[in-house]
1. Among the residues of region A:440-460, which ones are surrounded by 16 or more Cβ atoms within 10 Å (Cβ to Cβ) and β-branched (V, I, T)?
2. Out of all the residues in region C:1-14, which are more than 17 Å from A:L170 (Cβ to Cβ) and open to solvent by less than 70 Å² (accessible area, probe 1.4 Å)?
3. Tell me, which helices (runs of 4 or more DSSP H) lie completely within region B:19-138 with 3 or more residues that are farther than 24 Å from A:I19 by Cα and touching a Cys at 6+ places or on another chain (Cβ under 6 Å)?
4. Just wondering, is there one or more residues in region B:62-69 that are open to solvent by 70 Å² or more (accessible area, probe 1.4 Å) and away from chain A (no Cβ under 14 Å)?
5. Quick check on A:A229: is it within 25 Å of A:T124 (Cα to Cα), open to solvent by less than 10 Å² (accessible area, probe 1.4 Å) and in contact with a Gly (Cβ under 8 Å, 6 or more places away or on another chain)?
6. For region A:63-72, check the following and say yes or no: at least one residue is surrounded by fewer than 24 Cβ atoms within 10 Å (Cβ to Cβ) and part of a helix (DSSP H, G or I).
7. Which residue is least open to solvent (accessible area, probe 1.4 Å), if the candidates are limited to region A:390-432 and must be over 23 Å from the mean Cα position of the chain (by Cα) and basic (K, R)?
8. For a quick check of your reading: which helices (runs of 4 or more DSSP H) sit entirely within region A:363-464 and have at least 2 residues that are in contact with a Lys or Arg (Cβ under 9 Å, 6 or more places away or on another chain)?
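The values are calculated or read from the model by the stated rules, or taken from the named source; none is laboratory data. Nothing here was measured: the structure is a model prediction, and the numbers come from that model. When we count neighbours, we look across all protein chains shown, and the Cβ atoms used for this are built from the backbone with ideal geometry, even at glycine. Remember, those area values only see protein heavy atoms, side chains included, never the ligands or the DNA or RNA. Shrake-Rupley method; radii C 1.70, N 1.55, O 1.52, S 1.80 Å.
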Amino acid sequence: MTAIALPILFPFLLILVFIAVKSNRTAQLIAVVGTAVLVVISIYLFFEVQKYGILTLDMGGWKSPMAITLVVDYLSVLMLIVSSLIVFALSIYAIYFMPGQHKSTRFYVFFFALIMGVNGAFITGDVFNLYVWFEVILISSFVLIIIGNSKEQLEGGIKYMALNLIGSLLFLAGLGLLYGKTGTLNMAHLAQILRAEEQSILINSSTALFFIAFGIKAAVFPLFFWLPASYHTPNITISALFAGLLTKVGVYALIRFFTLFFVQDQAFWLNMLLVVAGFTMVVGGMAASAHYDVRRILSYHIISQIGYMIMGLAIFTPLAIAGAIFFMIHNMIAKTNTFLIAGMINKIKGTFYLKDIGGLLSQSPLLAVLFIIPAFALVGVPPLSGFFAKFILVKAGIESKDYIIVAVAVLTAMLTLYSMIKIWNEAFLKESPTTELAKSEEVKLRFGHFLPSIILGIASVLLGLFAATIFEFATRAANQLIEPAAYINSVLNHTMP
Amino acid sequence: MNSVILQLAAKYIRALLVFFAFVALLRGHNQPGGGFIGGLLAALSIVYYSFAFDRQKIRKQLTIKPEGYIALGLLIILLSFLPSIIQGETLMKGIWISIPLYPLEELKLGTPLLFDIGVFMAVIGITLLFFFTLTKSR
Amino acid sequence: MEIFLAILIGVLYTAGVYMVLRRSILKFIIGIIFMSNATNLLVFLASGIVAGKPAFVDDAVKNADNIADPLPQALVLTAVVIGFGLVVFALALKLKFFETTGTDDLDQLKKTDN
């Protein structure tokens, strides 16, 4: 099935087109159409997965453990759909919020390079190939984060670069050790070998290296410092893109590795993940409540939400993994949406600093409604998506008697509520401050400005309304992860139509 | 830099480097070499030349700009996927044709060579882009 | 030979970590180069390094003892290429940062922290 490679090949083609295209208008149009096509491709793959089960493609006509295998299972395809939906909304957003200047088509080249990397990371079935996609993501995000060349951006870029370079080195080292021990890098083959292996001592060194490498990418507790130092510096479109996709690729890799083949010393690693998850939630939430810049609040908030996903992985029951997947879907959409709102607030008021803005409720009621949706979704107010995501995780936690992490999760929801209410109070309810900083002329936003946020808002609401259906798919994904026999079988034995 | 020895040497070394770049590119299927190494050598020839002469002038004189090399390389890589798709094989499978050359043995051409040429081009472009960006006179 | 390579990798990692912890951005990048080379060697060493054996053989050679594992070579080549790209990008970023701010001191990078 060559169609599996389309989420990689199509952005690749578009990169070529963007190198050739000179006009900014044409580039914007192509980007919107291209990302819409990506949505269609991923939905098509979803139906294929529903029909045939796990899809595999061995590149280059080699047989499976030798070839680079592309694997699409429920988890991959759900991530593909959500990420393509996000980039579709962002490509519309970029028309209005990326300054259209000299060489602005270059933004689209790296925008699609990033999409290619993210899609590749989601569908690859080979550890080294995953490393390559991580580097594609890394390089394109390096370029994106410093578009504009302001002092803060360069500084943020250096911090982002520093930790992520070390992360990729650790990834490579872990990969080398893993290959030395098993002689394979195909994930399914690794699972087959390592699940039969009793000794954990030899594997733990690689597990530790991978844990730290993905921990840096996912911004979990002791390794997250690059994120709040850099995410608030670039153009808000790029911040939103990173917020929606980058850290989630790290979480995806953690889920994939720790369910598929790092299962030797689970008592230790799952507890470790549980502790990390708890600290990530609390530290992120508390730091978010201490800030007054919208982008900083939201950046710390990303970290806090990563904790929930890790918590689902750490509890390691089918229900908990399904919860983590559901939470990822919900969080990617809602989190990106809050960043879009922050960009619109900045557009109207000219600043991200909460103390200098106010009175948005009367000024733009639509924006208020659009903010309420993702904010309430993130806090977990029914019937929006976040409620069900948190409910499943808490239920799974209680069932497996991990009461402490449940208490932490519930308390962190309070912290989330606090920081969302702070944004609401300061930006929307409060009277507009009459300081010099407040912009004198009012900027009117047109419908196009709101459209991406409306799309993601509707997606959030639908995710809540059809939670049962989505949860069904998340459960199937979780079952595929917990019982990887089907995964191993379809990769190694080619049980593909 | 303005050294006569370097300038004179550069002309010959450039020719040599380009020659070895192609040798590395063509033998690289089963032996040491290949697109990346060939590309580096080819880019080095231009880099070496621009050490001896005026860098910005060399940059202007390039018929294909570094960005053009990258685009061309990526395009060729994409094209090298096409034969396998058209033949209905799995993606990126090497498709070979052989052209009989009477006095010699046959000449085997395949998509891996096309892929290597794409890498060759892209590496030239990227290396030159890096070089000219890092050594921009200020 | 393994023992010497292992020591070399250790020395490279040590030097890399030392450089990464220095205050200058340029030294940080040099540290990254050391560590990336150490990692490449580690991949080679961990996956069974052999001396003087070819990775590709003709059909005539049936004995598997006479060949080297080609996969680590491919992995390391790819990793070297990626490392090259990352380091060059880091240098370009450092250059730009130096042009805008005139400093190479990591202690001056406090603007985006709190």
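1. Answer for region A:440-460, where residues must be surrounded by 16 or more Cβ atoms within 10 Å (Cβ to Cβ) and β-branched (V, I, T): A:I454, A:I455.
2. C:L5, C:A6
3. The helices (runs of 4 or more DSSP H) meeting that bar number zero.
4. Checked region B:62-69: at least one residue is open to solvent by 70 Å² or more (accessible area, probe 1.4 Å) and away from chain A (no Cβ under 14 Å).
5. no
6. Scanning region A:63-72, I find no residue that is surrounded by fewer than 24 Cβ atoms within 10 Å (Cβ to Cβ) and part of a helix (DSSP H, G or I), so the answer is no.
7. A:K422
8. In region A:363-464, A:365-379, A:403-423 are the helices (runs of 4 or more DSSP H) which contain 2 or more residues that are in contact with a Lys or Arg (Cβ under 9 Å, 6 or more places away or on another chain).
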